[in-house]
Every structure is written in structure tokens, then in C-alpha cells.
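The values are calculated or read from the model by the stated rules, or taken from the named source; none is laboratory data. Note that the structure is a prediction, hence the values are computed from the model and not measured. Ideal geometry is used to build each Cβ from the backbone, glycine not excepted, and the neighbour counts take in all protein chains shown.
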Amino acid sequence: MTEMAELIIPSLLETLYMVFFSTIFSILLGFPLGILLVISEKGSIWEKPLLNNILNSIINLLRSFPFLILMILLFPLSKLLIGKTIGTTATIVPLAIAAAPFVARVMESSLKEVDRGVIELSLSMGATTPQIITRVLLPEALPSIIHGVTLTIINLIGYSAMAGSIGGGGLGDLAIRFGLYRFQTDVMVASVIVIVILVQSVQFMGNTLAKVLNKK
Amino acid sequence: MIDIQNLSKKYISGKDHLVAVKNVNLQVNKGEIFGIIGLSGAGKSTLIRCINRLEEPTEGRIFIENVDITRLDKESLRLMRKEIGMIFQHFNLLNQKNVYDNIAFPLQLEGWAKSEIDKRVNELLEYVELTDKKLAFPSQLSGGQKQRVAIARAIANNPKLLLSDEGTSALDPRTTKSILSLLNRIRTELGITIVMITHQMEVVKEVCDRVAIMENGEVVEINTVQNLFRDPKTKTAATFINTIATDVEEEIISPNGLKGTLIRLSYLGESAKRPIISKVIRNFNVDVNILSGNINKLHETNVGHLILELIGNEDEIKKTISYLQDENVHVEVIQ
Ligand SMILES: Nc1ncnc2c1ncn2[C@@H]1O[C@H](COP(=O)(O)OP(=O)(O)OP(=O)(O)O)[C@@H](O)[C@H]1O
Ligand SMILES: [Mg+2]
């Protein structure tokens, strides 16, 4: 049992580390993109059709890459930013970039749920575009954004497990190393169970938080 | 206060183009409650939304206190809008903010100090009688309460003009009345000019001073509410009035077996106080048969309608009618 824990715990910490930072960076990239997507749309508060088209194309392009291929393609970028291409820290780069377009779409759909009427109301009161974004769009969409972030984290847990197979570390790496190469199925099963528990807890916390915050 | 000149709004989508507002001219006086009534699709919302340029007019000019708002650049327009409050059919409250923060919203936008905001919001809560709901969220309020919050928010930074796009259409009759009386108080006590859109004649009757009637994008009649009820100039107006007049009339207007002359009398409050009918009977050689009558309470006066059958010779009937007209009663010979 302690042997197992000695194997699982460091890998779990690696997974948490990768997921935590890649979530943060994908949000930093994805949120502004999502906001831009919404406000630059035709008929919206900062209409920029050309920009909107370009952003849409980039996001669609990035989203159409299978994650593993994207990760390999991004090795040079990891090298440039982190100095190496394998290991948990290096994996954060492709994880964040792979998740960013997803986060942008999540943000976009959350913001689009905000009733057109309250935007008109804000306009009728002479609110500026930044005021509408920070005081109306984001607060009104908050519960839905939290759901989106939850989904992002869960996706990233999955991605990080995949990344494990090409040198990323973490629970996915552990499962493959022991389960596939050494036929220690018990380690593989244990890692999978931990991943499942992780996903369930994230989902539960996300739902609870969104529910508590939603006043609608 | 507001002077709308040759205002038109066209919506163009591909080859189609739809003229939602057609060459509208109208003036709204300071301190007035001005109604705009029309059927669905008549262009009322489009017209009122042009006043704060939520909709860009295609042609024409709109002066608000002598400033042509159609010529304002984006920034001046934004500042101008702060002087125009607006309320909506579906309230448009911020769902994630409580009552207090909803009302504070326009003040926060202007960067008021916290203590000033606090003072003003509490004052407004009292004004719209919602002090006990201060910390409630919109989802916990009734329709009427939501509209009160929206009104408090709309007048928070002391605008000079309040626009209402079907502000009472989502409410039941009793709540509608209480909202209308709140609007009337706002006009009287705070001197805010109000332009309100509605498709309900009851609303016009209850609070408006003057009213514009819209049909297919055009304003077909502008009248004081008194005169509109006494003597509508257009058929559309008459139809709207009939939506609240009694239904009995229709049956009597096409009667068989009535031998005399049918007339409809319309009179305002003061004329109603004089015993006109008994004078007619005493002074002229006619018999009078009262067929129907009703009184519409407008917010300043009453308009009464009577349908009479006059029986007698033609000469006497003519004299009777001209006597009534001298008494300031509007007479329409129906048959
Ligand atoms: N954004 C738009 N694009 C195209 N057509 C529009 C648009 N907004 C309104 N219209 C059209 O303009 C006409 C007038 O619409 P408007 O909303 O002003 O009517 P309304 O009198 O307010 O009706 P209601 O009582 O139903 O609110 C309608 O035929 C409507 O379909
Ligand atoms: Mg409308």
C-alpha cells in the first residue's frame, strides 16, 4: 500500500501542477480572446468584422489539431520558453495553448447568454465599452463562466494524461509506464481511479461554486 | 423639449427594405407625459429608440433641448444619454446584482463616491417604496417590483427625460396602475418629461397629456388625450378608444325600430355638471331617449359619451343640436 502511495502521490502532484498552471495560462490567453470574439461581432458593442473573422479562423484552426500532434508541433516553443521539451513544466506550454481556443469558445458562449436587453440598458445609461465588459457582461455571465472553467480543467486533466505518454510526467505517464510497459495493472488501475476521483471532485466543486454564486 | 423633424428609419437587409418609421414630426413639451400608441409593428419602439439613438435614424433630426442628437459624435452621445433614462417592457435588471446594486449601477458608472451613492440609493428606495427589498435579487421580485427598481435606476442620476418602451405591458392591470401613478409622481414632483409607448388605451387614458397615434410607421394623429376621447380625428384613434368604451354601443348604433335621429354627445368634465338634457327637454319640442352612456376618467378630467335618440320634427332637432353645440358639447349625428 505504501509502495503504491509512493508511486501515486508524486505523479498526482505532477498532474495537479501541470493542470493548475495550464489552466491559468489557458485562461489568460482564452478569456481575452473570447471577450474580443463577442464584442467584435456584428451588431455588438465594438463591431470589428475583420478582426472577428481572423480570430474565428485562428481558433478553429487550433481546435482542429489533434492534441498530440499540436503538442509535438509546439515542442520548439516549449524549448524556447522553458528550455526543454519534456517534463511537467515543458508540458504546460502545449497544454495551455491547446486549451486556450477551447477556453475562448467557452467564454464566448457564456457571454452570449447575457441578455441583449441589459446591454441595451447599459448603453442607454451611457456606459463605456470597458464598463459594459467589466460591470455587466462578466458579472452577469459569471456562473456560466465557472461552468466553462470547470469543463476546461476536466479537459486539461485528460490532456495532461495524454501528454504523459510523450514525456509529460504525471498520472497518465505513470499509468502507461507501469500498466503498458511493465504489466503492473494494479498501478495502472490505481492511477485511473485517482484521475476519475480528480475529475469528479473538480466537477462537484465547479457545480457547487456556480450554484452558490448564481442569483438568477 | 423634444423636437422630432422628418424622422425616418429604414431597415435594409439584402434587397428587402422596410420603412419602420416614416417621416415623423412631433414635439414633446417640457414636463409633459407624452404617449405613443399603435398596434404591434407600427414602429413605436423604433421611434422611441431613435430618441436616444439606440437605433440610428436614417433621415431627419431630433432636437433635445435644442441639441441635435443625430449629429452628436459617439462620446457626446454617451454623455447625452446620461440625461435620458429608459425603462423597458422586460425590466432589463442585472440578474446577478441585488436591488441596491441595480439602482447604484448608473451612479457607479459615473464614479460617484460610495457615501454619495449610498445616500442616493436609499432615497430612491424610499421613493419607489422598496426599502424592504434592498438586498433582494431580481429573481425574488414580482414584475411590479422589478419595474420599480428599473424606474429608480432610470431616474437615479436625475435625468430630464424618461423613455418608457411598453413599461407596463408585462404587468397585470392593478400593478400597471401603481406603476403609472409612480410615473405621474415622477413627472409632477421631479419635473421629468416622460415619453411612453404603449398599445393599451387604458395607459394613455390614465396618465398621458398628449398622445401620438402610429400606424405603419407614420404618426397619423397627435392630439391631447381629452380631445382624442371627445373627438378622434382618425379611424385608428377611434378604434383604440373603442377598445375601452363599452361594447353596448355597437348594438345600438344599428338598431331597427328606432324612428328618431341618433346623436352621440361627447363632453368634458365641466359640461357634465350642467343639466343639459333636462334643459333640452324643457326648451325644445323633442322627446329624448337615452340609449347608452359612459364616462372615461382621464387623469385630469372626465370625458362623457351619451347616445340619444331625438324624436320630433326636423326643425326642432336642428335647434336642439345647435343648442348643444353652444353648450360646448360635441355632437355627432349617427343616423
Ligand atoms: N432590427 C430590425 N431589423 C429589421 N426590421 C426591424 C428591426 N427592428 C424592427 N423592425 C421592423 O420594424 C417594424 C416596426 O417595429 P417596432 O419594433 O418599432 O414596432 P412596435 O410598434 O414597437 O411593435 P410592438 O408593439 O410589437 O413592440 C416591424 O415591422 C419590425 O419587424
Ligand atoms: Mg415595441
Task: Selection from segment B:77-100 of residues that are touching a Leu at 6+ places or on another chain (Cβ under 8 Å), part of a helix (DSSP H, G or I) and facing chain A (nearest Cβ under 7 Å) - done: B:R81
- [ ] Check B:I290, B:I277 and return the single one that is touching a strand residue (DSSP E or B) at 6+ places or on another chain (Cβ under 8 Å), at pLDDT below 85 and exposed (fewer than 12 other Cβ atoms within 10 Å of the Cβ).
- [x] B:I290
Task: Pairs, first of a type in the set (S, T, Y) in segment A:139-155, second outside any helix (DSSP H, G or I), C-beta under 7 Å, six or more apart - done: A:S144/A:E113
Task: Residues of segment A:83-115 classified as charged (D, E, K, R) and over 20 Å from A:F31 (Cα atoms), total - done: 1
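Give the residues of segment B:153-170 that are over 19 Å from B:N122 (Cβ atoms) and not basic (K, R), sorted by residue number. Give the steps one after another, and end with the answer.
First pass over segment B:153-170, keeping only residues over 19 Å from B:N122 (Cβ atoms): B:159-170.
B:P159, B:L161, B:L162, B:L163, B:S164, B:D165, B:E166, B:G167, B:T168, B:S169, B:A170 - these are the residues of segment B:153-170 that are over 19 Å from B:N122 (Cβ atoms) and not basic (K, R).
Every residue, every condition in (1) closer than 19 Å to A:R116 by Cβ; (2) within 16 Å of ligand 1 (Cβ to nearest atom); (3) surrounded by fewer than 16 Cβ atoms within 10 Å (Cβ to Cβ), yes or no:
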residue	(1), (2), (3)
B:N92	yes, yes, no
B:Y100	no, no, no
B:W112	no, no, no
B:K119	no, no, yes
B:L124	no, no, no
B:Y127	no, no, no
- [ ] Could you grab the pairs with beta carbons closer than 9 Å, sequence gap of 6+ or different chains, first residue in segment B:17-30 and farther than 13 Å from B:K44 by Cα and within 11 Å of ligand 1 (Cβ to nearest atom), second one aromatic (F, W, Y) and at pLDDT below 95?
- [x] B:H17/B:Y11; B:L18/B:Y11
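Here is a check on your reading of the model: is B:K160 farther than 29 Å from B:I2 by Cβ and either in the same structural domain as B:F88 (by TED's automatic domain parsing) or of a type in the set (A, V, I, L, M) (or both)? Write out each step before concluding.
Working: farther than 29 Å from B:I2 by Cβ: no; either in the same structural domain as B:F88 (by TED's automatic domain parsing) or of a type in the set (A, V, I, L, M) (or both): yes.
Spelling it out, it is not the case that B:K160 is farther than 29 Å from B:I2 by Cβ and either in the same structural domain as B:F88 (by TED's automatic domain parsing) or of a type in the set (A, V, I, L, M) (or both).
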Open item on the list: Yes or no: segment B:62-73 includes at least one residue that is β-branched (V, I, T) and either closer than 20 Å to B:I222 by Cα or within 16 Å of ligand 1 (Cβ to nearest atom) (or both).
Closed with: yes
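Restricting attention to segment B:155-176, report how many residues are among the charged types (D, E, K, R) and within 16 Å of ligand 2 (Cβ to nearest atom). Steps first, answer last, please.
Quick first cut of segment B:155-176, residues among the charged types (D, E, K, R) only: B:160, B:165-166, B:172, B:174.
Cutting the leftovers down to within 16 Å of ligand 2 (Cβ to nearest atom) gives us B:165-166.
Of the residues in segment B:155-176, 2 are among the charged types (D, E, K, R) and within 16 Å of ligand 2 (Cβ to nearest atom).
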Open item on the list: Being touching a Gly at 6+ places or on another chain (Cβ under 6 Å) and away from ligand 2 (no atom under 13 Å from the Cβ) is true for just one of B:R78, B:R71. Which residue is that?
Closed with: B:R78
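Answer yes or no as to whether A:T129 is under 30 Å from A:W46 (Cα atoms) and more than 14 Å from chain B (Cβ to nearest Cβ). Give the steps one after another, and end with the answer.
Numbers: under 30 Å from A:W46 (Cα atoms): yes; more than 14 Å from chain B (Cβ to nearest Cβ): no.
When the stated conditions are applied, A:T129 does not pass them.
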Open item on the list: Looking only at residues that are within 13 Å of chain A (Cβ to nearest Cβ) and closer than 22 Å to B:K177 by Cα in segment B:104-144, which one is farthest from the chain's Cα centre (by Cα)?
Closed with: B:Q140
- [ ] Provide a single number: the residues in segment B:32-48 that are more than 9 Å from ligand 2 (Cβ to nearest atom) and among the charged types (D, E, K, R).
- [x] 1
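Please report, ordered by residue number, the strands (runs of 3 or more DSSP E) entirely within segment B:1-76 with at least 3 residues that are surrounded by fewer than 21 Cβ atoms within 10 Å (Cβ to Cβ) and in the same structural domain as B:V203 (by TED's automatic domain parsing). Walk me through it before giving the result.
Details: elements: B:2-13, B:16-28, B:33-38, B:59-64.
So the answer is B:2-13, B:16-28, B:59-64.
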Task: Scope segment B:34-61; condition within 7 Å of ligand 1 (Cβ to nearest atom) and within 15 Å of B:V19 (Cβ to Cβ); matching residues - done: B:G38, B:G41, B:A42, B:G43, B:K44, B:S45, B:T46, B:L47
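Within segment B:51-60, can one find any residue that is farther than 21 Å from A:E47 by Cα, more than 12 Å from chain A (Cβ to nearest Cβ) and among the charged types (D, E, K, R)?
Step one: of segment B:51-60, the residues farther than 21 Å from A:E47 by Cα are B:51, B:59-60.
Then drop every residue that is not more than 12 Å from chain A (Cβ to nearest Cβ), which leaves B:59-60.
Restricting the remaining residues to those that are among the charged types (D, E, K, R) gives B:59.
Looking for residues that are farther than 21 Å from A:E47 by Cα, more than 12 Å from chain A (Cβ to nearest Cβ) and among the charged types (D, E, K, R), one finds at least one in segment B:51-60, hence yes.
Could you check how many residues of segment A:111-123 are touching a Phe, Trp or Tyr at 6+ places or on another chain (Cβ under 9 Å) and either more than 7 Å from chain B (Cβ to nearest Cβ) or of a type outside the set (D, E, K, R) (or both)? Explain how you work it out, then say what you get.
Here is the first cut: in segment A:111-123, the residues touching a Phe, Trp or Tyr at 6+ places or on another chain (Cβ under 9 Å) are A:117, A:120-122.
Within this subset, residues satisfying the condition of being either more than 7 Å from chain B (Cβ to nearest Cβ) or of a type outside the set (D, E, K, R) (or both) are A:117, A:121-122.
Selection size over segment A:111-123: 3.
Would you mind stating whether B:T193 is away from ligand 1 (no atom under 14 Å from the Cβ), free of Cβ contacts under 8 Å to residues at least 40 places away in the same chain and closer than 15 Å to B:G31 by Cα? I'd like the intermediate steps shown before the answer.
On the way: away from ligand 1 (no atom under 14 Å from the Cβ): yes; free of Cβ contacts under 8 Å to residues at least 40 places away in the same chain: no; closer than 15 Å to B:G31 by Cα: yes.
Judged against the criteria, B:T193 is not a match.
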Task: Near pairs, Cβ below 8 angstrom, 6+ apart or cross-chain, from segment A:1-19 (of a type in the set (D, E)) to any residue that is outside any helix (DSSP H, G or I) - done: A:E14/A:G169
Task: Conditions (1) assigned to a helix (DSSP H, G or I); (2) free of Cβ contacts under 8 Å to residues at least 24 places away in the same chain; (3) hydroxyl-bearing (S, T, Y); number of the one not met by A:S26 - done: (2)
Task: Those residues of segment B:141-176 which are part of a loop (DSSP other than H, G, I, E, B) and within 16 Å of ligand 1 (Cβ to nearest atom), in sequence order - done: B:E166, B:G167, B:T168, B:S169, B:A170, B:L171
Task: Odd one out for B:I179, checked against (1) part of a strand (DSSP E or B); (2) away from ligand 2 (no atom under 16 Å from the Cβ) - done: (1)
- [ ] Check segment A:98-110 and report whether any residue there is crowded, with 17+ Cβ neighbours inside 10 Å and within 14 Å of chain B (Cβ to nearest Cβ).
- [x] yes
